[in-house]
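Student: Here you go, one structure.
The values are calculated or read from the model by the stated rules, or taken from the named source; none is laboratory data. A quick note: this is a predicted structure, and the numbers were derived from the prediction, not measured. For neighbour counting, all protein chains shown are included, and Cβ atoms are generated from backbone atoms with ideal geometry for every residue, glycine included.
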Amino acid sequence: MIPIFSPTAETVNIATFDIMKKILLTLYIFCLVFSFVGCSEEKVSRTVMVMDTVATIECYGDNAKEACDKAISEIQRIELLFSPWIETSEIYKINKTAHLSPVKTDPEVFKVLERCIEVSEITGGAFDITLKPLKDVWNMKSESPKVPSKEEIDEALSICGYENLVLKDGCVSFKKEGMALDLGGAVKGYAADRAAEVIKKAGVKNALIDIGGNVYALGESPKKREWKIGLQHPAKDRGEYFETIELSDKTCVTSGSYERYFEQDGKVYHHIMDPKTGYSADSGLVSVSVVGKSSFEADMASTAAFVMGQEKFLEVKDDFDIETFIAVDKTNNWKRY
């Protein structure tokens, strides 16, 4: 049977995610599993905790171990550049002092930031990497999250906004004190792209990368055909799919409201924020899956489409390096665009 992998949106629900995180961090899981597919193709699989989520890489064929090792190292390198929590990261340094004076930053980071701002402009701010103050007041990763007060939300929004981020001559600066960047809706996709490149350079043609729902399928599955990726049904148990898609040298990224959320006073609040309102996005969608060659582009596109809704996103779809997207609405009807 061909393996079917389900993109997990950003992570599992809050309780499960926290349990998983504690287990992984306590045991420092760095598994290396060897098996053989058929008579000749070696499989190497590794799972690590990175970027506040779980990443799994499977490589097949000769040089699979080296490819897997290098891919994991590359993902960890990206985290060390872009994490807003690691004190030595470029993003942490920017967040700490960019309101005081321009911060000269790594060229790779600067290039990623430039594209993020382009996407913010394209989507009218539906995608925005300056929402860390808003995410902080919502504190969705807490064991007992609650709805912030309107005053807290308004205060956070007052120091958000991509238009207050200045990129010039390789330097980053903030127009407002208290601003902070969080590339959670982009950097996992970027890391998946980089991992795929590293694997290919190591001479491995067939591999599967999953970084918190950012899936990149290289080559073919052990059954010598395209990888089958299951798209999780938003209203059913994990592992129940409303559709499967086939990928080869392509990525699929899913953003969904059903993965990280809480309920308060009979209303559901999820982790994908609308930069205009400061509350959970309510475009009528519960899931968006984007397919293309670039996981970085698909990551940003899935967030933007979820916030904007399918009709508005269709107006800007061609400005992204993506092929198609699948949107599921609140009635669990879905359509491919």
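Student: I'm told Ala156 meets every condition in (1) outside any strand (DSSP E or B); (2) surrounded by 22 or more Cβ atoms within 10 Å (Cβ to Cβ); (3) among the hydrophobic types (A, V, I, L, M, F, W, C) except one. Can you identify the failing condition by its number?
Tutor: Looking at each condition in turn, Ala156 falls short on (2).
Student: OK, next. I'd like to know if the stretch 46-61 contains one or more residues that are farther than 23 Å from Ser295 by Cβ and in contact with a helix residue (DSSP H, G or I) (Cβ under 6 Å, 6 or more places away or on another chain).
Tutor: No: the stretch 46-61 contains no residue that is farther than 23 Å from Ser295 by Cβ and in contact with a helix residue (DSSP H, G or I) (Cβ under 6 Å, 6 or more places away or on another chain).
Student: On to the next question. Out of the residues in the stretch 286-337 that are of a type in the set (Lys, Arg) and not in a loop (DSSP other than H, G, I, E, B), state the one that is nearest to Ala191 (Cα to Cα).
Tutor: Lys317
Student: Only residues in the stretch 171-187 that are of a type in the set (Gly, Ala, Ser) count as the first member; pair them with residues that are in a strand (DSSP E or B), Cβ under 6 angstrom, at least 6 apart or cross-chain, and list the lot.
Tutor: Every condition considered, the pairs that remain are Ser173/Val166.
Student: List, please: which pairs have Cβ atoms under 8 Å, are six or more places apart or on different chains, and start with a residue in the stretch 310-337 that is touching a residue at least 12 places away in the same chain (Cβ under 8 Å) and of a type in the set (Ser, Thr, Tyr) and end with one that is in a strand (DSSP E or B) and surrounded by fewer than 19 Cβ atoms within 10 Å (Cβ to Cβ)?
Tutor: Thr324/Arg336; Tyr337/Thr324
Student: Failed condition for Gly213, given (1) under 27 Å from Asp128 (Cα atoms); (2) at pLDDT 95 or above, with all others met?
Tutor: (2)
Student: Follow-up. Please identify the pairs in which a residue from the stretch 239-260 that is at positive phi has its Cβ atom under 7 Å from the Cβ atom of a residue that is outside any strand (DSSP E or B), counting only partners at least 6 apart or on another chain.
Tutor: Gly239/Ser6; Asp249/Gly219
Student: Picking from Gly185, Gly189, which residue would you name as being surrounded by 14 or more Cβ atoms within 10 Å (Cβ to Cβ), under 30 Å from Gln264 (Cβ atoms) and not hydroxyl-bearing (Ser, Thr, Tyr)?
Tutor: On inspection, the qualifying residue turns out to be Gly185.
Student: Looking only at helices (runs of 4 or more DSSP H) that fall completely inside the stretch 1-109, which ones have 2 or more residues that are β-branched (Val, Ile, Thr) and modelled with pLDDT of 50 or more?
Tutor: In the stretch 1-109, 64-82, 90-97 are the helices (runs of 4 or more DSSP H) which contain 2 or more residues that are β-branched (Val, Ile, Thr) and modelled with pLDDT of 50 or more.
Student: Could you check Lys236 against (1) in a loop (DSSP other than H, G, I, E, B); (2) of a type outside the set (A, V, I, L, M); (3) surrounded by 24 or more Cβ atoms within 10 Å (Cβ to Cβ) and say which number it fails?
Tutor: Of (1) in a loop (DSSP other than H, G, I, E, B); (2) of a type outside the set (A, V, I, L, M); (3) surrounded by 24 or more Cβ atoms within 10 Å (Cβ to Cβ), only one is false for Lys236: (3).
Student: Just checking, does the stretch 282-291 include any residue being over 23 Å from Arg115 (Cβ atoms) and under 14 Å from the mean Cα position of the chain (by Cα)?
Tutor: yes
Student: Filter the stretch 110-153 down to the residues that are modelled with pLDDT under 95 and among the small types (Gly, Ala, Ser), then identify the one that is nearest to the chain's Cα centre (by Cα).
Tutor: Ser142
Student: When you look at Ala281, is it farther than 30 Å from Ala156 by Cβ and hydrophobic (A, V, I, L, M, F, W, C), yes or no?
Tutor: Taking the combined requirement at face value, the residue does not satisfy it.
Quick grid of which residues meet (1) assigned to a helix (DSSP H, G or I); (2) touching a Leu at 6+ places or on another chain (Cβ under 7 Å); (3) over 14 Å from Asp249 (Cα atoms):
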position	(1), (2), (3)
Glu163	yes, no, yes
Ser173	no, no, yes
Ala180	no, no, yes
Tyr190	yes, no, yes
Arg194	yes, no, no
Glu197	yes, no, no
Ala207	no, yes, no
Pro222	no, no, yes
Gly230	no, no, yes
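Student: Right, another one. State all residues of the stretch 248-259 that are buried (at least 21 other Cβ atoms within 10 Å of the Cβ) and not small (Gly, Ala, Ser); if no residue qualifies, say none.
Tutor: Within the stretch 248-259, Lys250, Thr251, Cys252, Val253, Thr254, Glu259 meet the criteria.
Student: Sticking with this structure for a sec: For the stretch 100-109, what are the residues that are touching a residue at least 60 places away in the same chain (Cβ under 8 Å) and surrounded by 18 or more Cβ atoms within 10 Å (Cβ to Cβ)?
Tutor: Passing the criteria: Val103, Thr105.
Student: Return yes or no: is Asp128 in contact (Cβ under 8 Å) with a residue 60 or more places away in the chain and either assigned to a helix (DSSP H, G or I) or among the acidic types (Asp, Glu) (or both)?
Tutor: Against the criterion (in contact (Cβ under 8 Å) with a residue 60 or more places away in the chain and either assigned to a helix (DSSP H, G or I) or among the acidic types (Asp, Glu) (or both)), Asp128 qualifies.
Student: Being hydroxyl-bearing (Ser, Thr, Tyr), surrounded by 17 or more Cβ atoms within 10 Å (Cβ to Cβ) and more than 16 Å from His271 (Cα to Cα) is the requirement here; does Ser287 meet it?
Tutor: no
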